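Participant: Have a look at this one.
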Amino acid sequence: MAIVKPFCCIRPAEGLAEQVAALPYDVYSREEARKAAEKNPLSFLNIDRPETQLPENADMYGEEAYQTARRLLEARIKDGTFTEDKNEKYFIYELTMDGRSQTGITACCAIDDYVSGVIKKHENTRKEKELDRIRHVDVTDANTGPIFLAYRPDQELNCLTDQVKEGIPLYDFISEDGIGHRVWEVEEPERMAAVEAAFEKVPALYIADGHHRAASAVKVGLKRRAEHPDYTGEEPFNYFLAVLFPADQLNILPYNRVVRDRNGLSEAEFLKAVEKCFDISKAGKEAVSPEKKGEFGVFLGGCWYRLTAKPEIQNEDPVAGLDVSILQDYLLGPVLGIGDPKTDKRIDFIGGIRGLKELERRAGAGAGIGFSMYPTSMEELLQVADAGELMPPKSTWFEPKLRSGLFIHRLS
């Protein structure tokens, strides 16, 4: 059962949450991060991407970058940008996008639950991305970006969060991208005990977004255990920061694909090869946004086509039956020669939030081909994780994104 505990939080001082809150570090390119950091010196991005504080040619993974993050975090605490709670609390965090809200519980989860599989994964991680966040967490001595976790809907937890939301929020603002953010404190002993007891009945938690942050946080915790062989298990480094949401409130957008060339095929040859496994209809200039599972849009030579997977290639396997798997196994691989989408430089991925115009722009350069996807469902994600399997890379794009800087968990 899941261990989900309150914690002593470092958080923005009154009136500063909107200026401090930042999108996750990994949604920015290096140039985008520098521009965003320059525009807002209080943005947590300055700490999350510390190379923005160094000369443009500085090594973004060098020791000076991580030491800069630590110095800046401590300076922000000292100058009052952040306040440090003396008592353990939970926080309720509501995000609203396009009129739809999702409400999570900000807390600390046990690294042992990650190791034992109570916290379930659905993606592989890359070592180089882990190393960056391991250094960042270890040097700053803090979890600075919460892990986005999900759990199967639980009526008791829903009632508890609804009760807290009847009170006055601690933070209430709309970020520049139009997302509403509201935060409430949970500090009453009886209510905190009820939250902790309710999660003890939850059999599994699921990583929705933040696999690299989770793996890195856990590895830092295990490193600290090795450095302190007399640890009791109660030290802060035994836990990592997360926001936990009921799965039925979450929204997954499609993760579209662009392949940079046709693998030596003419347009006619490409369409002929695709016909073996997919039914094809021409849609013309109107962008194709798939309306159901097993349907795909293709942007080729300035024209859109709608593909439908033939019944014989569809199946009920949790992984092989995913649309991203069907596209890879029956089109990207055999027709376009994309062997491993994790490493092949000919394929790019476009998060659904960027829209089909971005897909057209990227695919329209040269002989590229764009593929619009029907989004993976939350139930598909849970089924893959429950089966102990892993999804293909870039299968899910969650919106809205959690903001970094609203909650920080110190490890010592």
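The values are calculated or read from the model by the stated rules, or taken from the named source; none is laboratory data. None of the values given here were measured: they were computed from a predicted structure. Methodologically, a virtual Cβ is constructed for each residue, glycine included, from the backbone with ideal geometry; neighbour enumeration extends over all protein chains shown.
Participant: Among the residues of region 226-254, which ones are outside any helix (DSSP H, G or I) and closer than 30 Å to Ile353 by Cβ? Can you show your working first?
Facilitator: Taking region 226-254 as the starting set, the residues that turn out to be outside any helix (DSSP H, G or I) are 228-235, 239-246, 250-254.
Within region 226-254, Phe240, Leu241, Ala242, Val243, Leu244, Phe245, Pro246, Leu250, Asn251, Ile252, Leu253, Pro254 meet the criteria.
Participant: Can you tell me which residue within region 101-137, out of those that are hydroxyl-bearing (Ser, Thr, Tyr) and surrounded by fewer than 20 Cβ atoms within 10 Å (Cβ to Cβ), is modelled with the lowest pLDDT?
Facilitator: Applying the first criterion (hydroxyl-bearing (Ser, Thr, Tyr)) to region 101-137 yields 101, 103, 106, 114, 116, 125.
If we keep only those that are surrounded by fewer than 20 Cβ atoms within 10 Å (Cβ to Cβ) too, we end up with 101, 116, 125.
Details: Ser101: 97, Ser116: 97, Thr125: 81.
Once the filter is applied, the top-ranked residue is Thr125.
Participant: At pLDDT 95 or above, more than 24 Å from Asn158 (Cα to Cα), basic (Lys, Arg) and not in a loop (DSSP other than H, G, I, E, B): is that true of Lys223 in this structure?
Facilitator: Criteria met by Lys223.
Participant: Further, regarding this structure: Of Glu74, Glu84, Glu88, which residue is free of Cβ contacts under 8 Å to residues at least 40 places away in the same chain, surrounded by fewer than 18 Cβ atoms within 10 Å (Cβ to Cβ), within 25 Å of Asn238 (Cα to Cα) and more than 21 Å from the chain's Cα centre (by Cα)?
Facilitator: Details: Glu84 fails: free of Cβ contacts under 8 Å to residues at least 40 places away in the same chain; Glu88 fails: free of Cβ contacts under 8 Å to residues at least 40 places away in the same chain.
It is Glu74.
Participant: Which helices (runs of 4 or more DSSP H) does region 318-392 wholly contain that include 1 or more residues that are in contact with a Cys (Cβ under 7 Å, 6 or more places away or on another chain) and surrounded by fewer than 21 Cβ atoms within 10 Å (Cβ to Cβ)? Walk me through it before giving the result.
Facilitator: Values: elements: 323-327, 355-363, 378-386.
Ranges flagged: none.
Participant: While we're on this one: Which one is farthest from Ser395 (Cα to Cα) among residues in region 234-292 that are of a type in the set (Phe, Trp, Tyr) and touching a helix residue (DSSP H, G or I) at 6+ places or on another chain (Cβ under 6 Å)? I'd like the intermediate steps shown before the answer.
Facilitator: Looking only at region 234-292, we keep the residues that are of a type in the set (Phe, Trp, Tyr), and these are 237, 239-240, 245, 255, 270, 278.
Then keep just the ones that are touching a helix residue (DSSP H, G or I) at 6+ places or on another chain (Cβ under 6 Å); that gives 237, 240.
Details: Phe237: 31, Phe240: 25 Å.
Per the stated criteria, the residue is Phe237.
Participant: Mind listing whichever residues of region 216-235 are buried (at least 18 other Cβ atoms within 10 Å of the Cβ) and in contact with a Lys or Arg (Cβ under 6 Å, 6 or more places away or on another chain)?
Facilitator: If the condition is that a residue be buried (at least 18 other Cβ atoms within 10 Å of the Cβ) and in contact with a Lys or Arg (Cβ under 6 Å, 6 or more places away or on another chain), then Ser216 is the only one that fits.
Participant: Could you tell me which numbered condition Cys108 fails, if it satisfies all but one of (1) within 17 Å of Gly145 (Cβ to Cβ); (2) of a type outside the set (Lys, Arg); (3) out of contact with any Leu (no Cβ under 7 Å at 6 or more places or on another chain)?
Facilitator: Failed condition: (3).
Participant: A further question on this structure: Checking the conditions here, which among Arg306, Arg262 is part of a loop (DSSP other than H, G, I, E, B) and farther than 30 Å from Arg213 by Cα? Full working, then the answer.
Facilitator: Numbers: Arg306 fails: part of a loop (DSSP other than H, G, I, E, B).
Residue meeting the stated conditions: Arg262.
Participant: Farther than 30 Å from Arg191 by Cα and either buried (at least 16 other Cβ atoms within 10 Å of the Cβ) or acidic (Asp, Glu) (or both), is that true of Ser29?
Facilitator: Numbers: farther than 30 Å from Arg191 by Cα: yes; either buried (at least 16 other Cβ atoms within 10 Å of the Cβ) or acidic (Asp, Glu) (or both): no.
Against the criterion (farther than 30 Å from Arg191 by Cα and either buried (at least 16 other Cβ atoms within 10 Å of the Cβ) or acidic (Asp, Glu) (or both)), Ser29 does not qualify.
Participant: Going through Phe245, Phe278 one at a time, which residue ends up being hydrophobic (A, V, I, L, M, F, W, C) and under 30 Å from Arg410 (Cβ atoms)? Step through it out loud before you land on a result.
Facilitator: Details: Phe278 fails: under 30 Å from Arg410 (Cβ atoms).
Selected residue: Phe245, the only one of Phe245, Phe278 that is hydrophobic (A, V, I, L, M, F, W, C) and under 30 Å from Arg410 (Cβ atoms).
Participant: So, one more: So in region 141-153, with the set limited to residues that are on the phi < 0 side of the Ramachandran plot and assigned to a loop (DSSP other than H, G, I, E, B), which one is surrounded by the fewest Cβ atoms within 10 Å (Cβ to Cβ)?
Facilitator: Within region 141-153, the subset on the phi < 0 side of the Ramachandran plot is 142-153.
Keeping just the survivors that are assigned to a loop (DSSP other than H, G, I, E, B) gives 144-146, 152-153.
Numbers: Thr144: 25, Gly145: 27, Pro146: 30, Arg152: 16, Pro153: 12.
Among those that are on the phi < 0 side of the Ramachandran plot and assigned to a loop (DSSP other than H, G, I, E, B), it is Pro153.
Participant: Related question: What tally of residues in region 103-122 results from selecting those that are β-branched (Val, Ile, Thr), in a helix (DSSP H, G or I) and within 26 Å of Arg11 (Cα to Cα)? Don't jump to the end; show me each part of the working.
Facilitator: Kept after step one, since they are β-branched (Val, Ile, Thr), are these residues of region 103-122: 103, 105-106, 111, 115, 118-119.
Within this subset, residues satisfying the condition of being in a helix (DSSP H, G or I) are 111, 115.
Imposing the further condition that a residue be within 26 Å of Arg11 (Cα to Cα) reduces the set to 111.
Summing the residues that are β-branched (Val, Ile, Thr), in a helix (DSSP H, G or I) and within 26 Å of Arg11 (Cα to Cα) in region 103-122 gives 1.
Participant: Please indicate, with yes or no, whether at least one residue in region 300-311 is touching a residue at least 40 places away in the same chain (Cβ under 8 Å) and of a type outside the set (Asp, Glu). I'd like the intermediate steps shown before the answer.
Facilitator: Taking region 300-311 first, the residues touching a residue at least 40 places away in the same chain (Cβ under 8 Å) are 300, 302.
Remaining after also requiring of a type outside the set (Asp, Glu): 300, 302.
Yes, the conditions are met somewhere in region 300-311.
Participant: Name the pairs whose Cβ atoms lie under 7 Å apart, with the first residue in region 330-341 and among the charged types (D, E, K, R), the second loosely packed, with under 15 Cβ neighbours inside 10 Å, and 6 or more positions between them or separate chains?
Facilitator: Pairs that qualify, where the first residue is among the charged types (D, E, K, R) and the partner is loosely packed, with under 15 Cβ neighbours inside 10 Å: there are none.
Participant: Continuing with the same structure: Please find, among Ala273, Ala287, Ala283, the residue that is in contact with an Asp or Glu (Cβ under 8 Å, 6 or more places away or on another chain) and among the aliphatic types (A, V, I, L, M).
Facilitator: On the way: Ala273 fails: in contact with an Asp or Glu (Cβ under 8 Å, 6 or more places away or on another chain); Ala283 fails: in contact with an Asp or Glu (Cβ under 8 Å, 6 or more places away or on another chain).
Answer to the check: Ala287.
Participant: Confirm whether Ser412 is closer than 30 Å to Lys86 by Cβ and of a type outside the set (Val, Ile, Thr). Show your work before the answer.
Facilitator: Numbers: closer than 30 Å to Lys86 by Cβ: yes; of a type outside the set (Val, Ile, Thr): yes.
When the stated conditions are applied, Ser412 passes them.
Participant: Could you check region 265-288 and list, in sequence order, the residues that are outside any strand (DSSP E or B) and surrounded by 15 or more Cβ atoms within 10 Å (Cβ to Cβ)?
Facilitator: Restricting attention to region 265-288, the residues satisfying the condition of being outside any strand (DSSP E or B) are 265-277, 285-288.
Of everything in region 265-288, those that are outside any strand (DSSP E or B) and surrounded by 15 or more Cβ atoms within 10 Å (Cβ to Cβ) turn out to be Leu265, Phe270, Leu271, Ala273, Val274, Cys277, Ala287, Val288.
Participant: In region 1-48, what residues are under 20 Å from the mean Cα position of the chain (by Cα) and among the aliphatic types (A, V, I, L, M)? First the steps, then the outcome.
Facilitator: Taking region 1-48 as the starting set, the residues that turn out to be under 20 Å from the mean Cα position of the chain (by Cα) are 4, 20-30, 32-33, 36, 43-48.
Correct list: Val4, Val20, Ala21, Ala22, Leu23, Val27, Ala33, Ala36, Leu45, Ile47.
Participant: Restricting attention to region 289-302, which residues are assigned to a loop (DSSP other than H, G, I, E, B) and buried (at least 19 other Cβ atoms within 10 Å of the Cβ)? Talk me through it step by step, then tell me what you get.
Facilitator: Of the residues in region 289-302, the ones assigned to a loop (DSSP other than H, G, I, E, B) are 289-294, 301-302.
Listed by number, the list holds a single entry, Pro290.
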